[in-house]
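Quick notes on the structure that follows.
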Amino acid sequence: MTAVLWALPAALLLIALPAAGADPPPAPPLSPVSFSSLVQVLFALLLVLAAIGFFAWILRRLSPGYSATGGVKVVGGVMIGPRERLVVVEVGDTWLLLGVASGSVSLVHSMGRPQQPAASAAQTPAQFSRLLSQVIKQRRREG
């Protein structure tokens, strides 16, 4: 029985040896790339990139930190150091100025929402900057 098991691979090897020494078949000639196939590839690439962008946009819109549906809305923020920033958060009719560091979040100041709508204040950085400087000045006078 073992002789049969050894004979089978030996027979296959003897059959494959003449084929291994033969010249390989010639490769088919390369055809030039047609314009239509190039357009198809570019269109498919653009379609995939658009799908990735669309899904990223949907994910961002549905994530809890970016919508006002949870009652908390980020109005604006400013970097004050490499890992520190001040963030204005709207909760109901109250604005909270939060100091955010790498390991902690602390309340710096709280105030009522200004008369102007929050959307227009968030759209103009100059107004936010002016409001932030007023809050910092008030904080220095109190402390």
From Gly65, Gly53, which residue is closer than 30 Å to Phe128 by Cβ, modelled with pLDDT under 75 and in a helix (DSSP H, G or I)? Gly65
Is it true that some residue in the range 27-49 is modelled with pLDDT under 80, touching a strand residue (DSSP E or B) at 6+ places or on another chain (Cβ under 9 Å) and not in a strand (DSSP E or B)? no
Enumerate the pairs (first residue in the range 94-110 and loosely packed, with under 10 Cβ neighbours inside 10 Å; second residue anywhere and of a type outside the set (Phe, Trp, Tyr)) with beta-carbon separation below 6 Å, excluding pairs fewer than 6 apart on the same chain, so at least 6 apart or on different chains. Ser102/Arg83; Ser106/Gly99
Can you tell me which of (1) small (Gly, Ala, Ser); (2) at pLDDT below 85; (3) under 16 Å from Val105 (Cα atoms) is the one Gly77 doesn't meet? (2)
Tally time: how many residues in the range 83-108 are among the acidic types (Asp, Glu) and either touching a His at 6+ places or on another chain (Cβ under 6 Å) or not in a loop (DSSP other than H, G, I, E, B) (or both)? 1
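The values are calculated or read from the model by the stated rules, or taken from the named source; none is laboratory data. All values reported here derive from a predicted model rather than from experimental measurement. Positions of Cβ are backbone-derived with ideal geometry, glycine not excepted, and every protein chain shown enters the neighbour counts.
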